[in-house]
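The values are calculated or read from the model by the stated rules, or taken from the named source; none is laboratory data. Bear in mind the structure is a predicted one, so any value in this text is a computation, not a measurement. Note: ideal-geometry Cβ built from the backbone for every residue, glycine included; neighbour counts use all protein chains shown.
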Amino acid sequence: MQTQPQRLAPLTVFLLVVPPLLWAGNAVVGRLVRELVSPLTLNFVRWVIAFALLLPLAVPVLRRGSPLWAHWKRYAVLGLLGIGLYNAFQYLALQTSTPINVTLVGSSLPLWMLAVGALFFGARVSSREIGGALLSMVGVLLVLSRGEWQQLLGLRLVPGDLYMIAGTIAWAFYSWLLARTHEPRAVRQDWASFLMAQLVFGIAWSGALAAGEWTLTPAHIDLGWPLIAAMLFIGIGPAVVAYRCWGTGVQRAGPQAASIFMNLTPLFAAVLSAAFLREPPHWYHGAAFLLIVGGIVVASRR
């Protein structure tokens, strides 16, 4: 029997606020260590740490009789999109773009969800959803142009913005695949097993990308306590703790109420960037945030 969403009790609010805070911290830390480690290598190490943390909780999913192996093609695709590509694109984006820009572009996910759903999954799109998507797109374009529309006409965008758009599209495909197919009950009911099933293949994909980085580019890693601390944070906080809190919070509040909390990520990124990176937000960040959130509200209203 499906549980009904609960009222937003203080514990539920806490569970839904922690993930955006950790994901904003992930963007800031990725920006901080960009000179210490190559982005694809950082992504690979992050998920290796998460794998090691989850292993004691999810050993059964790796055994021969586990439902994982009967559905390995599905988890291989999910691992590629959600762990391999999305996070790799995000760390690549942070090489040339700020955490505020990266998280604002990422918050346009509902727009790409509509487009991917309509084009590839046969989803129907209402006129209200189209209007909301267009409003959100104006917000994204405002971020990409840094408040100067002439930049769009000259296509003078930093590579990081384009990387984040690509990552957000990959996450939209990942989300649709999760929504359109059902997990084996033994895996879905255990959050650690469900994440581990994706990690098994996601580590392979991210490892292949990191190997290519070391083969084709001047990759580097300056191992020291600052980088070790950063890797432990992104491997424990955004990769494991945020995932656990978000799953529980969505169960308690429902997906519609929980989705509103995702819009806290750019706000947290702005505060953390000002504190640790000396990158204060500009007027167009606030305007873009209002446009993106406004578009989401318009598209989701009944």
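Is it the case, given these coordinates, that Ala219 is farther than 30 Å from Ser66 by Cα and either in contact (Cβ under 8 Å) with a residue 60 or more places away in the chain or in contact with a strand residue (DSSP E or B) (Cβ under 6 Å, 6 or more places away or on another chain) (or both)? Give the steps one after another, and end with the answer.
Working: farther than 30 Å from Ser66 by Cα: yes; either in contact (Cβ under 8 Å) with a residue 60 or more places away in the chain or in contact with a strand residue (DSSP E or B) (Cβ under 6 Å, 6 or more places away or on another chain) (or both): yes.
Here the answer is yes, as Ala219 does meet what is asked.
Conditions tested, residue by residue: (1) closer than 30 Å to Glu279 by Cα; (2) of a type in the set (A, V, I, L, M, F, W, C); (3) out of contact with any helix residue (DSSP H, G or I) (no Cβ under 9 Å at 6 or more places or on another chain).
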{"residue": "Leu57", "(1), (2), (3)": "no, yes, no"}
{"residue": "Arg64", "(1), (2), (3)": "no, no, yes"}
{"residue": "Leu68", "(1), (2), (3)": "no, yes, no"}
{"residue": "Gly79", "(1), (2), (3)": "no, no, no"}
{"residue": "Ala93", "(1), (2), (3)": "yes, yes, no"}
{"residue": "Thr96", "(1), (2), (3)": "yes, no, no"}
{"residue": "Ile100", "(1), (2), (3)": "yes, yes, no"}
{"residue": "Val125", "(1), (2), (3)": "no, yes, no"}
{"residue": "Glu129", "(1), (2), (3)": "no, no, no"}
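Taking Pro184 as the residue in question, decide whether it is modelled with pLDDT under 95 and exposed (fewer than 14 other Cβ atoms within 10 Å of the Cβ). I'd like the intermediate steps shown before the answer.
Details: modelled with pLDDT under 95: yes; exposed (fewer than 14 other Cβ atoms within 10 Å of the Cβ): no.
In short, no.
Residues Ser126, Ser97: which one is of a type in the set (S, T, N, Q) and more than 18 Å from the chain's Cα centre (by Cα)? Let's see the steps before the verdict.
Values: Ser97 fails: more than 18 Å from the chain's Cα centre (by Cα).
Only one candidate qualifies: Ser126.
So which helices (runs of 4 or more DSSP H) stay within region 196-297 end to end and still have 1 or more residues that are under 24 Å from Trp47 (Cα atoms) and in contact with a Phe, Trp or Tyr (Cβ under 6 Å, 6 or more places away or on another chain)? Write out each step before concluding.
Values: elements: 225-236, 242-253, 255-261, 264-276.
Once the helices (runs of 4 or more DSSP H) in region 196-297 are filtered for at least 1 residues that are under 24 Å from Trp47 (Cα atoms) and in contact with a Phe, Trp or Tyr (Cβ under 6 Å, 6 or more places away or on another chain), what remains is 242-253, 264-276.
Yes or no, residue by residue, for (1) loosely packed, with under 15 Cβ neighbours inside 10 Å; (2) modelled with pLDDT of 95 or more:
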{"position": "Gln2", "(1), (2)": "yes, no"}
{"position": "Gln6", "(1), (2)": "yes, no"}
{"position": "Leu15", "(1), (2)": "no, no"}
{"position": "Ser38", "(1), (2)": "no, yes"}
{"position": "Leu42", "(1), (2)": "no, yes"}
{"position": "Pro56", "(1), (2)": "yes, no"}
{"position": "Arg63", "(1), (2)": "yes, no"}
{"position": "Ala70", "(1), (2)": "yes, no"}
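Kindly evaluate Val29 against the criterion of being in contact with a Phe, Trp or Tyr (Cβ under 7 Å, 6 or more places away or on another chain) and farther than 26 Å from Ala208 by Cα.
It is false that Val29 is in contact with a Phe, Trp or Tyr (Cβ under 7 Å, 6 or more places away or on another chain) and farther than 26 Å from Ala208 by Cα.
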